[in-house]
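Trainee: Below is a structure I'd like to ask you about.
The values are calculated or read from the model by the stated rules, or taken from the named source; none is laboratory data. On a predicted model such as this, the values are computed, not experimentally measured, just so you know. All Cβ positions, glycine included, derive from the backbone under ideal geometry; neighbour counts span all protein chains shown.
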Amino acid sequence: MPQKKVDKKQRELCRKQLLKIKENILHDIKNMASVNSVDSSENGGESAGHGMHIADAATDMYDREFTLSLASNDRELLSKIDDALNRITNKSFGLCFECEEAIPAARLEAIPYAETCLKCQEEREKNS
């Protein structure tokens, strides 16, 4: 099957997009960490003195679990972004992992860390 590489201009555009997304995620993770540390120190005082209301404790626990879930998703996305940046460096960026055909430019613009073309992605999702 013929392989059409992504041209240099599009690779650079995607690289800039990936770096911007990565910067935003790292910023979000840093903010989540600082908010959690502030919440923990504030709640520590309550548990040492007066008991926290059970509804407040449940809300706090839900918020922590939700934040951890977001952070986990962010770490997974960061991994995909780093992989895409590595593919740009080794010039394999833009080729589908499944069929080895070029991933359409519109897909890469929408999801610059995409590993598969739309057809192969649909097959993956259908089979899982």
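Trainee: Going through Asn86, Asn73 one at a time, which residue ends up being within 27 Å of His27 (Cα to Cα), modelled with pLDDT of 95 or more, polar (S, T, N, Q) and within 18 Å of the chain's Cα centre (by Cα)?
Mentor: Within the list Asn86, Asn73, the selection yields Asn86.
Trainee: Continuing with the same structure: I'm trying to understand the selection: among the residues of the stretch 33-63, which are at pLDDT below 75 and hydrophobic (A, V, I, L, M, F, W, C)?
Mentor: Within the stretch 33-63, Ala33, Val35, Val38, Ala48, Met52 meet the criteria.
Trainee: Right, something else. Does the stretch 75-107 hold any residues that are of a type in the set (A, V, I, L, M) and either assigned to a loop (DSSP other than H, G, I, E, B) or loosely packed, with under 13 Cβ neighbours inside 10 Å (or both), and which are they?
Mentor: Ile103, Ala106
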